[in-house]
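Reading through the structure tokens given below for one structure.
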Amino acid sequence: MSLRTIVLALAAAWGALMLVSLAASLGGGSGDGAEHGLARLASFLTWQGYALIVAIAGAAVARLAAARGVEKIRLAGYAPLAASLFIVGAVVLMIAFRVLVQPAFP
């Protein structure tokens, strides 16, 4: 199997994991309250963690493929990593703001 095929397969797996994380965070029972919301957030972050691991593997393979001369494969390898880092970073920053900063304002 060629490196290009591996990078594209990892990008497709990353996309599937992103869809699963979205579906897991939107779905769930009919419960209300903080416990239900935290369970949905935990599910979302779990699937995003899996997607981040796949994105890191895709970027590593894309780097190897680019070093071996495979043309036009960097976008498929690095875009999922950039998107995953942005999403996970944004969620972590929002949680940190909510926990650390917002309680200081009455």
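Starting from the Cα of residue 72, step 7 Å along the direction of its Cβ; do the same at residue 12; then give the gap between the two resulting points in nm.
Here the modelled spin labels are 1.9 nm apart.
Please build a GNM for the chain, connecting alpha carbons under 10 Å apart, and tell me which residue among 49, 89, 15 fluctuates the most.
So, out of 49, 89, 15, the one fluctuating most is 89.
At 222 nm, what value in deg cm²/dmol follows for the chain if DSSP H runs of at least 4 each add -39500 (n - 2.57) and the sum is divided by all its residues, to the nearest 500?
-27500 deg cm²/dmol
Can you tell me the length gained on complete extension of the stretch residue 2 to residue 92, counting 0.36 nm per residue apart and subtracting the Cα distance?
Residue separation times 0.36 nm, minus the Cα-Cα distance, leaves 28.8 nm.
Once you have a ≥ b ≥ c as the square roots of the Cα gyration tensor eigenvalues for the chain, tell me rounded if a/c is under 1.5, and otherwise prolate or oblate according to whether a/b is larger than b/c.
Since a/c reaches 1.5 but b/c is at least a/b, the shape of the chain is classed as oblate.
What distance in nm separates the simple spin-label points at residue 99 and residue 83, each placed 7 Å from Cα in the Cβ direction?
Here the modelled spin labels are 2.8 nm apart.
Given DSSP loops and a limit of at most 16 other Cβ atoms within 10 Å, what is the longest stretch of the chain that contains no such trypsin sites (Lys or Arg not before Pro)?
Longest stretch, sites excluded: 1-67.
Kindly list the residues of the stretch 1-22 that lie in the label zone of residue 64, defined by a backbone N under 20 Å from the point 7 Å along the Cα-to-C-beta vector.
Taking a point 7 Å out along Cα→Cβ of residue 64, the residues of the stretch 1-22 whose backbone N falls under 20 Å are 1-15.
Work from the charge dipole of the stretch 3-104 (Cβ charges, +1 for Lys and Arg, -1 for Asp and Glu, about the Cα centre) and give the residue of 44, 62, 27 farthest towards its positive end.
62
All of the numbers you see were taken from the coordinates with simple rules; none came from a lab. Please read these numbers as outputs of a predicted model, since none were measured by experiment. Cβ: placed from backbone, ideal geometry, glycine included. Neighbour counts: every protein chain shown.
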